[in-house]
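A quick write-up on the structure given underneath.
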Amino acid sequence: MFSVPSRSAGVIPQPPYPSQLALQDELEAFERLKPRLAEVWDLLVHDSEKPCTTVVVPSLTLDQAELRKLDGASYYEERLLFLLIRLRNPRAHIVYVTSQPVHPDIIDYLLQHLLGVPASHARHRLTMLCAYDASPRPLTEKILERPRLLQRIRYAIPNREEAYLSVFNATPLERKLSVLLGIPLNGADPALTHLGSKSGSRKVFREAGVVCPAGFEDLRDEQDVLTALTDLRILRPGLRKAVVKLNESFSGEGNAIFHYPSGSGGIAMRRAIGKLHFIAPSERRGAYFEKFAAMGGIVEEFVAGAEVRSPSAQLRTGPRGEVVPISTHDQILGGDEGQVFLGCRFPADDEYRLAVQQTAQAVGEVLASKGVVSRMGVDFMAVRAGPEQPWVLNAIEINLRLGGTTHPFLALRFLTGGELDSATGLFATASGRPKYYRATDNLYAPRYRGLLPEDLIDIVTVNQLNFNYRTECGVLFHLIGALSQFGKLGLTAIGNSVEEADAIYQRTLEVLEAETVYG
């Protein structure tokens with residue numbers, strides 16, 4: 001493995017260029033780093049107060065064409081700022097890297113909420129670094145292009161033996177960064193990330209004995225899709241709709257709805273596929289199937305019923321094969337055909353919460369047996385025929401990355417320091433209060449455009465929306481950097497009941513509306 005050059009007075013020596021790292025050397029070095037993750041895992045799981053450094057690179061290393069469908073995507077790097085919770089350990093350090101600078105008021109806004117730690121003390125243990133590159137490319141790619149930025153990250157790590165790399169999702173780019181920094185990657189080995197694709201998810205579900213919708217995976221082109229849709233109609237004669245999904249899409253933006261024609265002949269089916277309804281308004285048939293040829297995808301039945309919900313479970317698998325439940329949520333879906341993720345409520349409904357947690361546990365055990373070390377989410381559709389009927393769970397997909405339900409739960413822990421009771425699936429604060437929240441990444445209004453971070457903080461403070469440590473209720477915002485340009489931000493509204501969390505969420509919307517009426 002490459003060694004770290006010594007710093008000479010007034011000169012920042014360059015680390016090895018990524019191009020100098022041969023693939024075989026990279027893979028071997030990556031394997032040598034893996035055992036150190038077990039030691040880091042112990043620190044993370046037990047909230048140890050031993051020295052530890054987290055290098056956070058919140059790169060959305062995803063398909064860039066899919067990412068362009070997301071307004072303000074570059075500011076999603078701010079969602080992992082809730083990992084500043086690590087600074088609650090007075091011996092912990094964090095190095096946080098972004099594409100664009102984070103407004104200092106946003107950092108101050110978060111650090112003031114660290115329980116038991118002076119904000120000034122935490123600030124001294126936080127190093128913010130920036131690539132100063134707003135181009136629509138993965139942050140990790142930008143870092144690898146900048147040897148001096150790589151070196152600054154290295155210099156900010158007090159002891160590499162006590163450090164690890166935390167990322168949004170793990171790809172070969174993050175693997176290379178891990179090796180160049182000489183610290184283990186706390187994420188799925190990129191060689192295993194296919195297990196979290198739409199096709200890989202269906203295979204894992206079957207291996208775990210978990211029910212998933214009828215369908216077909218590993219499809220490569222439009223003809224494959226047409227054949228799968230035809231075969232699916234044979235499996236489900238009464239089926240009226242099916243979903244076509246890109247393997248590596250997210251938030252429902254890579255989905256398309258197929259409406260079965262009244263006739264079953266080949267001509268009728270070909271006409272119908274020409275009328276695919278794409279969930280992303282900007283999507284076009286030719287471009288969609290070009291991406292399909294590149295990444296593959298699946299076809300599965302459209303899950304329907306008298307009542308349909310979309311719960312999810314979050315868990316993490318450890319380097320020793322541990323499977324640890326984190327949370328359950330009811331996802332709030334919207335957009336065409338209810339395919340787009342808008343937000344979530346915690347925890348999932350009492351009637352199926354533990355079933356969701358236990359089913360996800362079975363999925364996690366299969367992934368752990370294959371060597372996956374990662375935070376992950378497992379999404380479901382819960383369906384029932386009527387109010388007195390039992391809920392039936394269908395597993396939909398695995399996300400081997402941080403998702404839309406990760407950071408709200410981090411926000412809850414950030415503010416309260418509590419823990420999940422895996423026996424009930426409920427979260428209790430240190431005072432013993434159970435907590436509930438409603439969260440979103442998609443709070444948007446044209447009138448919000450032009451609001452600066454300091455404006456939002458002023459509005460929140462004057463209207464007493466901030467988290468109150470006496471009642472243990474209130475609001476914590478994120479994606480604040482996207483507010484001025486895109487009129488968009490995220491929030492987590494925390495209450496002592498489902499109803500109270502919803503009421504705090506609604507009051508926040510009303511305050512923002514009232515405060516942005518001009519003239």
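Quick rundown of the values:
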quantity	calculated
Label point distance in nm, Thr227-Lys370, each placed 7 Å from Cα along Cα→Cβ	2.3 nm
Range of Cα positions in region 380-512 per principal axis (Å), largest first	47, 34, 31
Around Leu33: net Lys/Arg minus Asp/Glu count, Cβ-Cβ under 15 Å	-2
Within the chain, longest stretch clear of exposed GluC sites (Glu not before Pro) (DSSP loop, no more than 16 other Cβ within 10 Å)	146-321
Inter-label distance, nm, simple model (7 Å from Cα along the C-beta direction), Arg285/Leu509	3.7 nm
Modelled FRET efficiency - R0 45 Å, Glu39 with Asp350, Cβ distances, 0.05 increments	0.70
Region 230-291: relative contact order in percent, alpha carbon pairs under 8 Å with at least 6 residues between	27 percent
Derived scalar couplings ³J(HN,Hα) [region 307-312; Karplus, 6.51 cos²θ - 1.76 cosθ + 1.60; whole Hz; x for Gly, Pro]	9, 10, 10, 10, x, 9
J(HN,Hα) series, region 37-42, from Karplus relation 6.51 cos²θ - 1.76 cosθ + 1.60, nearest Hz, glycine and proline x	5, 4, 5, 5, 4, 4
Folded to 0 to 90 degrees: helix 453-462 orientation relative to the chain principal axis, Cα	90 degrees
Estimated dipole of the chain in Debye, rounded to 20 [Cβ of Lys and Arg +1, of Asp and Glu -1, Cα centre]	800 debye
The chain, helix-only ellipticity at 222 nm - DSSP H runs n ≥ 4, -39,500 (n - 2.57), divided by all residues, nearest 500	-10000 deg cm²/dmol
Region 127-204 - convex hull of alpha carbons, volume per residue in Å³	103 Å³
Sequence-distant aspartates and glutamates (8 or more away, or on other chains) whose Cα lies within less than 16 Å of Lys370	Glu31, Asp189, Glu207, Glu322
Calculated from backbone phi, Karplus (6.51, -1.76, 1.60) coupling profile of region 174-180 in Hz, x at Gly/Pro	5, 4, 4, 4, 4, 5, 5
Nitroxide proxy distance, nm - points 7 Å out along Cα→Cβ at Gln20 and Leu452	4.3 nm
Sparsely packed trypsin sites (Lys or Arg not before Pro) within region 333-416, loop by DSSP, other Cβ within 10 Å at most 14	Lys370
Cys130 long-range amide H proximity, modeled H, under 5 Å	Thr98
Two-site FRET efficiency, Tyr132 against Lys50, from Cβ-Cβ distance with R₀ of 35 Å, rounded to 0.05	0.55
Relative contact order of region 253-411, defined on C-alpha pairs under 8 angstrom at six or more residues apart (%)	22 percent
Trypsin sites (Lys or Arg not before Pro) within region 169-205, DSSP loop, no more than 15 other Cβ atoms inside 10 Å	none
Sites Ser497 and Ala119 - FRET efficiency at Förster radius 35 Å, r taken between beta-carbons, to 0.05	0.70
Value of relative contact order over the chain, rounded to a whole percent, pairs C-alpha under 8 Å and six or more apart	13 percent
Cα-Cα over 18 Å, subset of Lys245/Lys275; Lys142/Lys176; Lys50/Lys435; Lys291/Lys488	Lys50/Lys435; Lys291/Lys488
Whole-percent carbon and sulfur share, accessible surface of the chain, 1.4 Å	51 percent
Per residue solvent-accessible surface (Å²) - the chain, probe of 1.4 Å	41 Å²
With Cα atoms, 0 to 90° folded angle of helix 353-369 axis to the chain main axis	70 degrees
Within region 417-519, trypsin sites (Lys or Arg not before Pro) in DSSP loop having at most 12 other beta-carbon neighbours inside 10 Å	Arg470
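The values are calculated or read from the model by the stated rules, or taken from the named source; none is laboratory data. Note that the coordinates shown come from a computational prediction; the quantities given were computed from them, not determined experimentally. Neighbour counts run over all protein chains shown; Cβ positions are idealised from the backbone, glycine included. Heads up: the accessible areas ignore ligands, DNA and RNA and are worked out on the full protein's heavy atoms, side chains in. Shrake-Rupley method; radii C 1.70, N 1.55, O 1.52, S 1.80 Å.
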